[in-house]
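See structure below.
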Amino acid sequence: MAYFPLTKHQQGWQDRASEIAANDLAPHAEETDRLGQFPTESLEALRKEGLWGLRVPKKHGGLGEDMVTTCLIVEELSKKCPSTAMCYKMHIEGAEIVSRIPTEYQVKQFVEPLAKGEVFIAAPGGESNGPGDDWTPVRTVSAVTKVPGGYQLDAIRKAFVTSAGHVTHFEFQCRIGEETPQTSASRLFIEADKIDWEIVAPWDGLGMRGNSSSPIIFSGFVPEENRLGPEHTVLDIADPFVRPVIALTYAAAYLGIASGAFEIAMVEMPRMYRSGARRIDNVINQRRMAEMGAQIEAARALMLAVASSYDEERSTSNLPYFQSKVTCSEAAVRVTQDLMTAFGGTAFAGRLPFERYFRDARAGIVMGMANDVAYQNMIPLMFPEA
């Protein structure tokens, strides 16, 4: 059920994304998880649909879709394969700045190829020498050296680089010069085939096992024309439009885990076993299903309302973006945990995919801006005079 009114265009994209997810992502999802295999075929299906350029402005050849549509698409993809949805979400995040504030050179070199499906992006941010659960780059970013014509990277290690080894470009967070304070970060758009990079260790996470979120060490020269925006201004320029995209696409990906698992439960709960028993006849399971349905609809309504507010430029604070991210990711954990309990040994043995959704959901608490950090950041926004 949809409590948020969608336009015909938005509904059409939701329906199309659902078809793509069912036909092109679902057949590979179990193997992607079991083997820890990067979802190349699934992402290629998205490329063929033009979705790599989803938010690239139409004037540069992209689809130019709004945030509500973006959230709908990411949720539908995540229902079938959360790993694919997360790799795609990270690409959208990485594409946002270069699509929004490109120079003329960057339009020709990066943005137009991005719209054509020739560019796939990773957005390495956090570093292992900082608080590993905090995405915020200003707390964890190493310095590059400014040299004639550009910038030199000397063995800078990024801790979790989703799609490591499978991208054409990196949207890279850094400081320019050791004397630059952590509050004055910059971003570089790096071509993967023009810099040295090394994957330090394979990705073997509890969940999101197809993400290839490995640490990478970067070294080499990046030309000045690859810098996104002026030096030292990543927060001033990016925060108003990048943080909402980051938070809302995280929310959509984790909401998709909750709703995807719940949709399976809606089929399996009333299924009659040989004994004549049905899980839905258990009054505790009835309560669980009612609660889960309410949690999912409430989380989706919040996410889409916040996305619509962003599209209409009504937002004046980061508070609703933080709230949407934590609400959707915590709904995913609650829903998948309840389904593991409701389906008991069948779920634990992996005869239904609830354990995969359960493991994937756990990443939402610590991924992106970790929920503990998001809650901390909400307080000064709620009590600005305190």
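Values quoted throughout were computed directly from the atomic coordinates according to the rules given, and no laboratory measurement underlies them. Note that the structure is predicted; figures quoted are calculated from it, not measured. Methodologically, a virtual Cβ is constructed for each residue, glycine included, from the backbone with ideal geometry; neighbour enumeration extends over all protein chains shown.
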Once both axes come from the Cα atoms, what is the angle between helix 8-20 and the longest principal axis of the chain, in degrees from 0 to 90, rounded to 10?
80 degrees
For the stretch 1-102, the dipole about the Cα centre with charges only on Cβ (Lys and Arg +1, Asp and Glu -1), to the nearest 20 debye, works out at 400 debye
Run the dipole for the stretch 121-226 about the Cα centre, Lys and Arg Cβ at +1, Asp and Glu Cβ at -1, nothing else charged, and hand back the magnitude in debye, nearest 20.
160 debye
List the GluC sites (Glu not before Pro) in the stretch 314-386 that DSSP assigns to loop (not H, G, I, E or B) and whose Cβ has at most 14 other Cβ atoms within 10 Å. Which are they?
Glu385
Could you quote the convex hull projected area for the chain, Cα atoms only and averaged over all directions, in nm²?
19.7 nm²
Each residue of the stretch 97-104 in order: what ³J(HN,Hα) in whole Hz does its phi give by Karplus 6.51 cos²θ - 1.76 cosθ + 1.60, θ = phi - 60°, with x for Gly and Pro?
5, 5, 7, 8, 10, x, 7, 4
Could you pull out every residue, at least 5 positions away or on a different chain, whose amide H is within less than 5 Å of the one on Leu228? Hs are placed 1.01 Å off N in the peptide plane, and Pro or chain starts have none.
Arg187, Leu188, Phe189
Out of Thr69, Thr336, Thr346, a Gaussian network model of the chain with alpha-carbon springs under 10 Å gives the largest mean-square fluctuation to Thr346
Cα gyration tensor, the stretch 185-280 - rounded (a/c under 1.5), prolate or oblate
oblate
The answer for the longest stretch of the chain without any exposed trypsin sites (Lys or Arg not before Pro) (DSSP loop, at most 16 further Cβ atoms within 10 Å) is 117-270
Relative to the Cα centre, what is the charge dipole magnitude of the stretch 39-85, using +1 at the beta carbon of each Lys and Arg, -1 at the beta carbon of each Asp and Glu, and rounding to the nearest 20 debye?
160 debye
Rounded to the nearest 5, what % of DSSP beta bridges with both residues in the chain are antiparallel?
85 percent
With DSSP loop assignment and no more than 13 other C-beta atoms within 10 Å, the chymotrypsin sites (Phe, Trp or Tyr not before Pro) in the stretch 240-282 are Tyr273
Mean-position separation - Cα centroids, the stretch 184-233 and the stretch 237-279, in angstrom
30 Å
Which lysines, if any, have their Cα less than 23 Å from the Cα of Lys146, not counting same-chain residues under 8 positions apart?
Lys158, Lys194
Kirkwood Rh in Å, taken over the stretch 301-351 so that all alpha-carbon pairs contribute
12.9 Å
Would you compute, from DSSP H runs of 4+ residues alone, the mean residue ellipticity of the chain at 222 nm, taking -39500 (n - 2.57) per run and dividing by the full residue count, rounded to the nearest 500?
-16000 deg cm²/dmol
So how tilted is helix 234-268 from the main axis of the chain? Cα-based, degrees 0 to 90, rounded to 10.
20 degrees
Using alpha-carbon coordinates, inclination of helix 26-35 to the longest axis of the chain, degrees:
70 degrees
Taking N as its residue count, the alpha carbon Rg of the stretch 8-115 over 2.2 N^0.38 Å
1.08
Total Lys pairs in the stretch 8-115 closer than 24 Å by alpha-carbon, pairs eight or more apart in sequence or interchain only?
19
Here the relative contact order (percent) of the chain, from C-alpha pairs under 8 Å and at least 6 apart, is 18 percent
